[in-house]
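The values are calculated or read from the model by the stated rules, or taken from the named source; none is laboratory data. What you see is a predicted model; the values in this text were computed from it and never measured. Counting neighbours? That spans all protein chains shown, and the Cβs are built from the backbone with ideal geometry, glycine included. Remember, those area values only see protein heavy atoms, side chains included, never the ligands or the DNA or RNA. Shrake-Rupley method; radii C 1.70, N 1.55, O 1.52, S 1.80 Å.
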Amino acid sequence: MSPRLQFAGISKLFPAVRALDDVSFSVGAGEIHGLLGENGAGKSTLLRILSGVYRPTAGSVLIDGQPVTLNNPVAARAAGVAMIHQELQQVPRLSVAQNMFLGHPLTRGGIFVARSEQERRAAAALAAIDPSIDPAAPLGSLKVAQRQIVEIARALLDRARIVAMDEPTSSLTPSEFERLAKVIAGLAREGVAVVYVSHKLDEVFGICKRATIMRDGAVVGSVDLAQVSEKSVVAMMVGRELAQEQHRAHATGVVRLSVRGLASATKVHDVSLNLNRGEVLGIAGLVGSGRTELLRLLAGADRASSGTIEIDGKAVRFSGPRDAIAAGIGLVPEERKREGIVPLRSITSNMALASMGVFAPRGVIDHRRLKRVAAEKMKRVNLRPFLLDRPIRLFSGGNQQKAIIGRWLAAGTRILLFDEPTRGIDVGAKAEIYRLIEELAAEGHSVVVVSSELPEVIRLADRVLVMRDGTVAAELDRASLSEQAIAAHAIPQTKMQNGQVHAGSSAGPQARQ
Amino acid sequence: MRDAGTLIGLIVILAVFGALVPGFFAERNLINILQQSSINACLALGMTLVIISGGIDLSVGPTAALSAVISASMLVAGVAFPLAIAAGFAIGLACGLLNGVLVAHVGLQPFIVTLGTLSTYRALALIYTGGNPVLGLPAGFRAIFNGSLFGLPLAVIIVAVVALIAWIILKKTPFGEYLLAVGGNEEAAYIAGVPIARTKIAAYMISGLLAALAAQILIGRLGAAEPILGNLWELDAIAAAAIGGASLMGGKGSVVGTILGAVILGTMRNGLTLMNVQSFYQLLATGLIILAAMLIDRVTRGRG
Amino acid sequence: MRDAGTLIGLIVILAVFGALVPGFFAERNLINILQQSSINACLALGMTLVIISGGIDLSVGPTAALSAVISASMLVAGVAFPLAIAAGFAIGLACGLLNGVLVAHVGLQPFIVTLGTLSTYRALALIYTGGNPVLGLPAGFRAIFNGSLFGLPLAVIIVAVVALIAWIILKKTPFGEYLLAVGGNEEAAYIAGVPIARTKIAAYMISGLLAALAAQILIGRLGAAEPILGNLWELDAIAAAAIGGASLMGGKGSVVGTILGAVILGTMRNGLTLMNVQSFYQLLATGLIILAAMLIDRVTRGRG
Amino acid sequence: ADLAPLNSDTEKDRIDWSQLEAKFGAFPKLPDGTKAGAVSKTLTNEYWRSLGEGYKVFGDRVGVPVVYQAAQSEGDQLGQLTIAEGLVTQGYNVLLVSPQTDSNLQPIMEQAKAANVPVVNVNDAVIPQAEHYVGNVQRDNGVRVAKWFIKNRPNGGKVAIVEGQAGVYASVQRTDGFKTTITEGGKFEVVASVPGNWDRQTSYDAATNILQQHPDLIGFYANNDGMALGIVEAVKAAGLQDKVAVFGTDGISDAYASIRAGELTGTVDSFPVLTGEVALETALRLVAGQKLPRVVATPQALITKDNADRYSGPDARKALLEDAAVGQ
Ligand SMILES: Nc1ncnc2c1ncn2[C@@H]1O[C@H](COP(=O)(O)OP(=O)(O)OP(=O)(O)O)[C@@H](O)[C@H]1O
Ligand SMILES: Nc1ncnc2c1ncn2[C@@H]1O[C@H](COP(=O)(O)OP(=O)(O)OP(=O)(O)O)[C@@H](O)[C@H]1O
Ligand SMILES: [Mg+2]
Ligand SMILES: [Mg+2]
């Protein structure tokens, strides 16, 4: 019997880049197949070909042994392919349900959109993962994690034969992943072929039997995950052995940043914290606990309603990120595409944006110096492909992230705030970023890392603050640091009891008038 | 309610004129305002759909002119009303089709496409007529658009019906969703399988059709079709849509808001004329009221 | 090279006119073309910066008019040239400042803000002069903008210098990067510490300043300043910028392209006149050539 | 010698068109290959097309080719300058210009002078440095209509003005002439003077509003005929056609038709075809080396239903000559 899905010799050329080189592998019906590779390996490109967004330069896609022409997303959908895109593909002004049915709405009499029916079905699809999402709410009012869940639920609506998931859990919590895993298992039981892309190896090992590993656009091999170790898979991905590094502390006793009673108009209340020179401070908490907003306050992106911030003992007030940057604070934001990059501009321009003054001491940009610094910083973060003049939008997410980290390196920032620094970033790059963070700390920088991945927090942090409902619920030093300890402080007691580990469930359908 | 800001703006303007102009609230004058706003409202509805789709249509005036002179010359030549009107509508649709194809299939910028067709359609209307107005429209034709129903001018009723249809399209049909999606996030819309090109083209065709309708109403009222008719209509239509809350970045706009925007502009013209404001000061007031309306809107609606 | 498409467009147009019009390539005529393009090029440069920042400036014509009548009336009253010119520039900057503040700080849509100020500034110019032209500018003042250098009209040289400065600004200064970043992704630019408001305001102020400069050049040439000067300038300026590759969505635009765009428009006017094309057909040609220029650009540059 | 800035309405150095032949003799012989270039405001208005017709009529009569161009729209100031510069470059022997504004063709005066080409300013806006002007008295348009009201509505009453584009010379002068003349006696009140922007629809709306507020209005004066025809429709829609007199300006054919149909009360015809003929004749006489007065005044007449036939058709010229003779 022919496999449900087969890639046969797929190549894809972009101007100046060979994104895919003769990729072949297959996925059987009912199989959950992992697709692994570093940033820029070509995973998204392959899935975009499968979902009709790109056309391959060479090769073909076969479904149930039949070659299919996937010239556009409509054709792909008709061929039974549903896809969850890495970048959220949504229209903020439409409702959740409208987004889920976008392009093929349910109608009454073929004329009017059957909204209530759409909302009913959307609710059913959402219920499997997060029943608190209101299908009638404008999508723009949702948090990133919820938007990602909507994206997943959308793919479940179609009775698809093939479901491709490109990093569906990049902003989900472990508990949300658990539900998703159940849903995926259900799909597999119904005979759906699932292609699952994630940089979280434990997820892939948890739900996939087999996986294909890609490097630089080519297939390195397909493996039976029961037979191999995580370490060897990582070695295949990066082409070398990655040393398993341990936490190294560089913290000093000198306080650099001191925050007292910080609050915002919306979500953050009475946060006090100290950050020392050379310290990596982790901030954990549930989705919606106010971590992002806290970082935005510290980075000057939002205005604090009360509280004080001191840097090296001097009180500072920020009326915008500019002030914070001048005071030595830089933010690596959570939503890279929206808050991080200027898509049409080059890597170099994106990198230099926060430190133009440095590169233009006399008002005119010293392009030689700029090029030199860009080359240096981008080497340090290991940008790939190493094309500094190429528009950043053509780079994979991981490489975009590296450019933004490079931005703060170039600006000489002393306090770096990372919001989900490795979201959507591969193991290789992740290790590089961890190494970078530690190097920065060793050089005397102070770092705050907000992350929903507890192993990441534990790996990096000298000290962890756990946030709950917009304030600091606990402070854990390395001695008392564990996933259990963090979870215990992060989850509101009432929710623990009925096992509901969800943020924002107060916005559930019942609460809506 | 998103349109509340616009409504407040209208109420403020009405109150000011009501206080300054005796007889401003006379039924007759209020009907005048509606009638005088109806043509702009008609155009602005089409413009709103185009703007929501992320485009703009600067060519509405010349489209109307071309439609008007062709309908009118057929009418004068004795062609049956329905046929002549249909021909005018067909012209409007064709103008919109060309705009839409250049935007959607060729991928040119809407502003420039319709800036180009603005000149092109106007030139065609002038060449077709040699620059002369087409006079002597049959009284029967004029009666169609000049009548009244329930004490309201037919033009007002026609535009109200158009507004209702536009509202239904935007709120209740897949096409309305597609417009919002295409203007709100074109890439996402494409990936979701929204027929991008068809949606955009349809928006421009509706705009062309409504320009043609406005032209029929106008020539019915004036009894003549001029090739220079509709000069600067695009600015009024865009202003009405924008005052009504449409965003020129696309993905956002409201039928109710647009109608209110058109009535605000109409009220202003009416009130300033009744106050016999000197022309320079009328111009000043026009500018300031557009700014004030946007400010009121801004304040009542809040950021974003 | 991004501007190659525009250049090809210009070459095609030059070749066509060269073939059809005897004496088209005479030095005198080529200088005429440059001179006739210079005012639009001047405005279009400012417009390009505004467009790159994600905005649009419809008020350039009235800004120029206001600046012109104020400079002119000072000159006629015997004020020293530098002071009168400086006053004109200050008016341009002030007009730009108001536009910029309404866009950047108040958060209104650029199209509507400048549509409002379009009327407002025009009205102010009319009110200030009572609608009359300001006549009798001193010969010394006129000489400043009317001279020649190396056989080129000074106006052309001034605009060339402005273009060079604009090119340097865009390519070599932080402000240029900020413009591209603000227009390309405002949110990201904000987080990266780009002074959003200041950048936008500066763009509008430069646009206002260049409108004022265009006004000085024009009144120097005409010897009089009229309050209705600069009618429809904004459309030509936008067309030049767009033909030159600027995207009205922001984040994209080229100084060289804009200059080429302005010269394309100037060449077209000049050539059509020399061919003695009747004005309706000139209008037609204007429309078609804008469309054709965009098509050539599209084909040579490829998607995106 | 510097000329004083021209005011075509008051310039002393003037001659009536009817006296050209009497004072300067029969049309002179021209140098071989003489050709004339003309540029006017816009062809979208019949007035300017008729002017061009007049150029052509006279050019054909005396065997001089005339190129006639116009800007793409009214208010396209620089476009018109470009056209005029092209004409200078192309070596026409004389230029006839009808500028958009008082100053937008100023550079032409200098370029033409340098090229030794005479320039005749034909109608409407007035270039202050113009050495030659052919046209009517703009102010007089309004004055004539005002006089009609004073004569035919002896009891006075409320009147309204619908103006052209704000700030345009013809518009300002016509409005002022009407307003000043009609208010002199104190019987008439100008209750509204609002912009119609040369636009039929705008004028229709403005007239509707004015009538609604002043149902006892007795007359409108519009700065051109297109606007006047819009007002006529508004008056008809208000059912006041028997009570409200409507006057336009220019004398386009539609205005005549409407006057004959009893709808438009009257217009001030400034005889564009004849003006074109006179202008070209003046220009060519200059080419032939004659020294003419600075202003050649062209005829104007108030047209109403009673005299419409006299001033249209083949005998118009004769009628105007008769008027001129009476006027002298
Ligand atoms: N539209 C495009 N034009 C040019 N190059 C592109 C384009 N899209 C992707 N690429 C390039 O193709 C390569 C593969 O990118 P792709 O996004 O498929 O990687 P990925 O494996 O999904 O990475 P990540 O894990 O970061 O999502 C990269 O080098 C990227 O820069
Ligand atoms: N600009 C904003 N306007 C209104 N509400 C906001 C804004 N930004 C964040 N919020 C809300 O504030 C709450 C806290 O969100 P925040 O993003 O800070 O949480 P978080 O702990 O960082 O979680 P996540 O993992 O989703 O980033 C959320 O409910 C979010 O919807
Ligand atoms: Mg990817
Ligand atoms: Mg967050």
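Below are the figures for this structure:
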item: Search result, residues across the stretch A:310-339 that are within 16 Å of ligand 1 (Cβ to nearest atom) and out of contact with any helix residue (DSSP H, G or I) (no Cβ under 7 Å at 6 or more places or on another chain); result: A:Lys337
item: Flag if A:Leu156 is touching a Lys or Arg at 6+ places or on another chain (Cβ under 8 Å), away from ligand 4 (no atom under 16 Å from the Cβ) and open to solvent by 10 Å² or more (accessible area, probe 1.4 Å); result: no
item: Some residue of the stretch D:149-161 being open to solvent by 10 Å² or more (accessible area, probe 1.4 Å) and at pLDDT below 90; result: no
item: Answer residue from the stretch A:419-441, given it is closer than 19 Å to A:Gly330 by Cα and within 16 Å of ligand 2 (Cβ to nearest atom) and is farthest from the other protein chains (Cβ to nearest Cβ) among those; result: A:Thr422
item: The stretch B:26-47 residues that are within 9 Å of chain D (Cβ to nearest Cβ), paired with ones that are acidic (Asp, Glu) and surrounded by 24 or more Cβ atoms within 10 Å (Cβ to Cβ) (beta carbon under 7 Å, 6 or more apart); result: B:Gln36/D:Asp205
item: Selection count, the stretch C:215-231, where residues are touching a Lys or Arg at 6+ places or on another chain (Cβ under 7 Å) and within 8 Å of chain D (Cβ to nearest Cβ); result: 1
item: Any chance A:Thr266 is modelled with pLDDT under 95, over 23 Å from A:Ala441 (Cα atoms) and either among the β-branched types (Val, Ile, Thr) or in contact with a Cys (Cβ under 7 Å, 6 or more places away or on another chain) (or both); result: yes
item: Any hit, the stretch B:105-124, residues being touching a Cys at 6+ places or on another chain (Cβ under 8 Å) and free of Cβ contacts under 8 Å to residues at least 60 places away in the same chain; result: yes
item: Selected residue (criterion: nearest to ligand 1 (Cβ to nearest atom)) from residues of the stretch A:197-212 that are under 19 Å from A:Ile162 (Cα atoms) and not in a helix (DSSP H, G or I); result: A:Val197
item: Failed criterion for C:Ala189 (all others in (1) touching a Lys or Arg at 6+ places or on another chain (Cβ under 9 Å); (2) open to solvent by less than 20 Å² (accessible area, probe 1.4 Å); (3) farther than 26 Å from B:Ile238 by Cβ hold); result: (1)
item: Candidate set from the stretch D:67-76 (those that are in contact with a Leu (Cβ under 7 Å, 6 or more places away or on another chain) and either more than 7 Å from chain C (Cβ to nearest Cβ) or not in a strand (DSSP E or B) (or both)); member that is farthest from C:Gly271 (Cα to Cα); result: D:Gly75
item: Subset of the stretch A:303-313 that is in a loop (DSSP other than H, G, I, E, B) and more than 24 Å from A:Ala490 (Cα to Cα) - its residue that is most open to solvent (accessible area, probe 1.4 Å); result: A:Arg303
item: From the options A:Val255, A:Val259, residue that is more than 16 Å from ligand 1 (Cβ to nearest atom), more than 24 Å from A:Pro455 (Cβ to Cβ), β-branched (Val, Ile, Thr) and open to solvent by 30 Å² or more (accessible area, probe 1.4 Å); result: A:Val255
item: The stretch D:184-214: number of residues that are in a loop (DSSP other than H, G, I, E, B) and within 10 Å of chain B (Cβ to nearest Cβ); result: 5
item: Yes/no for A:Val316 being more than 8 Å from chain C (Cβ to nearest Cβ), open to solvent by 30 Å² or more (accessible area, probe 1.4 Å) and more than 16 Å from ligand 2 (Cβ to nearest atom); result: yes
item: Residue ID - most open to solvent (accessible area, probe 1.4 Å), chosen from residues in the stretch A:271-287 that are under 25 Å from the mean Cα position of the chain (by Cα) and among the β-branched types (Val, Ile, Thr); result: A:Val287
item: The one condition in (1) polar (S, T, N, Q); (2) out of contact with any helix residue (DSSP H, G or I) (no Cβ under 6 Å at 6 or more places or on another chain); (3) touching a residue at least 60 places away in the same chain (Cβ under 8 Å); (4) closer than 14 Å to D:Glu163 by Cα that D:Ser253 fails to fulfil; result: (4)
item: Given (1) more than 30 Å from A:Asp389 (Cα to Cα); (2) small (Gly, Ala, Ser); (3) free of Cβ contacts under 8 Å to residues at least 60 places away in the same chain; (4) not in a helix (DSSP H, G or I), number of the condition C:Gly193 does not satisfy; result: (1)
item: Residue list for the stretch A:78-120, filter: more than 23 Å from A:Glu335 (Cα to Cα), in a loop (DSSP other than H, G, I, E, B), touching a strand residue (DSSP E or B) at 6+ places or on another chain (Cβ under 7 Å) and facing chain B (nearest Cβ under 8 Å); result: A:Pro105
item: Options C:Ala181, C:Ala202, C:Ala155, C:Ala125; residue that is away from chain B (no Cβ under 14 Å), touching a Leu at 6+ places or on another chain (Cβ under 8 Å) and either modelled with pLDDT of 95 or more or under 30 Å from C:Leu260 (Cβ atoms) (or both); result: C:Ala181
item: Residue among D:Asn121, D:Asn136, D:Asn141 that alone is within 17 Å of D:Trp198 (Cα to Cα) and open to solvent by less than 20 Å² (accessible area, probe 1.4 Å); result: D:Asn141
item: Total residues in the stretch A:8-21, condition more than 16 Å from ligand 3 (Cβ to nearest atom) and either aromatic (Phe, Trp, Tyr) or at positive phi (or both); result: 2
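Matching residues to (1) assigned to a strand (DSSP E or B); (2) within 16 Å of ligand 4 (Cβ to nearest atom):
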site: A:Arg256; (1), (2): yes, no
site: A:Val259; (1), (2): yes, no
site: A:Leu262; (1), (2): yes, no
site: A:Ala265; (1), (2): no, no
site: A:His269; (1), (2): no, no
site: A:Asn274; (1), (2): yes, no
site: A:Gly282; (1), (2): yes, yes
site: A:Val287; (1), (2): no, yes
site: A:Leu295; (1), (2): no, yes
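Quick grid of which residues meet (1) within 11 Å of chain C (Cβ to nearest Cβ); (2) free of Cβ contacts under 8 Å to residues at least 60 places away in the same chain; (3) open to solvent by 10 Å² or more (accessible area, probe 1.4 Å); (4) in contact with a helix residue (DSSP H, G or I) (Cβ under 8 Å, 6 or more places away or on another chain):
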| position | (1), (2), (3), (4) |
| --- | --- |
| B:Ala241 | yes, no, no, yes |
| B:Ala246 | yes, no, no, yes |
| B:Asn276 | no, yes, yes, no |
| B:Thr286 | yes, yes, yes, yes |
| B:Ala292 | yes, no, yes, yes |
| B:Val299 | yes, no, yes, yes |
